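Chemist: Below is a structure I'd like to ask you about.
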Amino acid sequence: MVFSSSIFLFYFLPAVLGLYYLAPRRVKHLVLTLCSYFFYGWTNPLFVFLMLASTLVDYICGLVISGAHPWRGPEPQTLEPGTRTRRQRIAMWVSICTNLSLLGFFKYFNFGVDAYNDLMIALGWHSAAWDHFWRITLPLGISFYTFQSMSYAIDVYRGEAKAVRNLTDFACYVAMFPQLVAGPIIRYREVANQLAERAHTMEKFARGVAFFALGLAKKILLANPCGQLADAAFDAGSVSMVDAWFGAFGYAFQIYFDFSGYSDMAIGLGLMLGFVFPKNFDQPYLSRSITELWQRWHLSLSHFLRDYLYISLGGNRKGKVRTYANLAVVMLLGGLWHGASWNFVIWGGIHGGMLAFERSMGKDSLYRNLPDPVKMLLTFLITTLAWVFFRAADLPSAVTYLAAMFGMTQTQPGADLLAGFLYQPYFLICMAVSAYVVWACRDTWDFTRRITPATAAWSFFLLVLSLVVMVTQSYNPFIYFIF
């Protein structure tokens with residue numbers, strides 16, 4: 001079930017909001033949890049048990065770390081700094097290993113089998129290849145809820161969060177449907193107080209509706225048409241240099257509006273339920289360096305990798321060479337987190353290499369003498385080139401597409417027909433509007449900070465327009481659902 005679907009907008013969401021607001025305060029979290037499990041199990045009910053298992057493991061580990069009991073004794077308290085016991089360390093590692101094992105098995109098993117088969121075939125040992133080995137289906141959202149659930153146990157261990165005794169509250173935190181499938185990655189300490197007590201106000205609800213309307217507009221009105229032209233370019237057997245660049249820019253816009261639109265809708269739904277989630281995008285294509293890009297793009301993942309991986313590896317505290325290595329390792333793993341493919345590893349390597357290079361040059365030194373618009377253009381071009389590996393079906397396809405972007409391939413007869421599709425007035429207008437929104441409009445977070453009559457009117461207009469267009473579209477993928 002996706003947010004930009006009739007069944008969600010006209011049936012599921014009204015039903016959930018009705019049940020939630022009619023329910024007594026003491027059972028609101030139970031209602032929200034059950035609705036979230038229904039939302040998650042819509043495609044495959046069996047995956048609900050996988051999420052439940054992860055939830056129970058981290059709930060128990062949090063209590064063990066804090067030394068609390070599920071239903072008796074004093075309330076769990078935030079741990080003081082100091083040496084942790086062996087039992088506490090074991091509980092933390094049980095949480096980490098369980099979640100990473102779940103993620104690793106379901107996300108990378110097929111990748112491992114394919115890599116093994118490629119190696120055997122390259123060595124000429126065809127009989128050793130696992131041609132008929134069974135395959136694993138990737139559960140939706142597993143990359144997000146395993147990180148989220150695991151961060152809870154780590155924060156309790158570090159003394160940065162207090163363990164939760166109420167299982168329903170913790171299950172609600174893990175399974176909350178607005179951010180379950182594609183984030184943002186919400187850390188427990190960011191919503192712990194809100195789970196205990198939060199306000200439900202008309203102002204908050206109105207801002208949530210505006211957030212959702214703008215996110216839906218990003219998805220339906222911009223991401224989907226940009227995705228159509230990107231698919232046409234990337235899936236073409238032969239593409240000219242101009243068409244290749246146009247398709248790559250289309251994908252750059254698609255993935256931004258697709259993911260930031262989903263995040264906006266998730267934040268808006270959270271506000272409707274009384275929760276305030278942190279910002280996940282801060283106009284990343286305004287960045288003047290790759291370093292700045294990662295201070296604006298997918299902030300919940302950036303902060304997660306920084307706090308739980310980069311700092312744990314030593315951060316920038318162990319010399320320049322170690323710092324550069326840490327940046328590269330973090331981004332390589334960040335790329336692999338997105339998917340089990342060499343393309344994602346290379347994408348992460350490009351960003352990790354650029355982060356290390358910029359730091360070695362003094363962050364801004366590389367672009368110091370350039371005007372800000374040129375800095376932004378260069379950063380956007382580097383980002384777009386890296387997106388090719390993100391979008392291409394496999395490594396050979398990515399290399400071929402990059403070669404086309406630099407005029408290093410010979411177009412085949414009939415390739416010019418692609419231009420007749422790409423440069424339709426509808427797609428040209430969508431690309432122009434996308435560029436305007438990216439580089440000239442306010443961020444959704446700032447636009448909805450105060451709901452004025454003008455803000456409300458724009459939000460209502462875009463909501464209605466998006467709904468009208470949505471029922472006519474057959475192309476409606478969510479990119480980050482596969483991560």
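Chemist: Using the structure shown, select from K28/K162; K219/K279; K318/K375 the pairs with a Cα to Cα distance greater than 28 angstrom.
Modeler: Working: K28/K162 21 Å; K219/K279 18 Å; K318/K375 30 Å.
With Cα atoms farther than 28 Å apart: K318/K375.
Chemist: Next question. Taking the Cα centre of each part, how many Å lie between the stretch 459-478 and the stretch 132-188?
Modeler: Distance between centres, Cα-based: 30 Å.
Chemist: Let me ask another. If you stretched the chain out fully between D307 and A456, how much longer would it get, using 0.36 nm times the residue separation minus the C-alpha to C-alpha distance?
Modeler: Numbers: separation 149, 0.36 × 149 = 53.64 nm, distance 3.73 nm.
Contour length minus the Cα-Cα distance gives 49.9 nm.
Chemist: Moving on to the next point. Return the whole-Å distance between the Cα centroid of the stretch 87-123 and the Cα centroid of the stretch 328-356.
Modeler: The stretch 87-123 and the stretch 328-356 have Cα centres spaced 17 Å from each other.
Chemist: Using Rg/Rh (Cα atoms, Kirkwood Rh) as the read-out, say which of (1) 1.00; (2) 1.02; (3) 0.97 was calculated from these coordinates.
Modeler: Correct label is (3).
Chemist: Let me ask you something else. When you count, for each residue, the other Cβ atoms within 10 Å and take the mean per peptide, how do 250-259, 349-358, 87-96 rank with the highest first? Walk me through the numbers on the way to the answer.
Modeler: On the way: 250-259: 25.0, 349-358: 19.9, 87-96: 17.5.
Order by mean packing, descending: 250-259, 349-358, 87-96.
Rule-based calculations on the coordinates, nothing more; no lab input. Because the structure is a prediction, the values reported are computed rather than measured. Note that we place each Cβ from the backbone using ideal geometry, even for glycine, and neighbour counts take in every protein chain shown.
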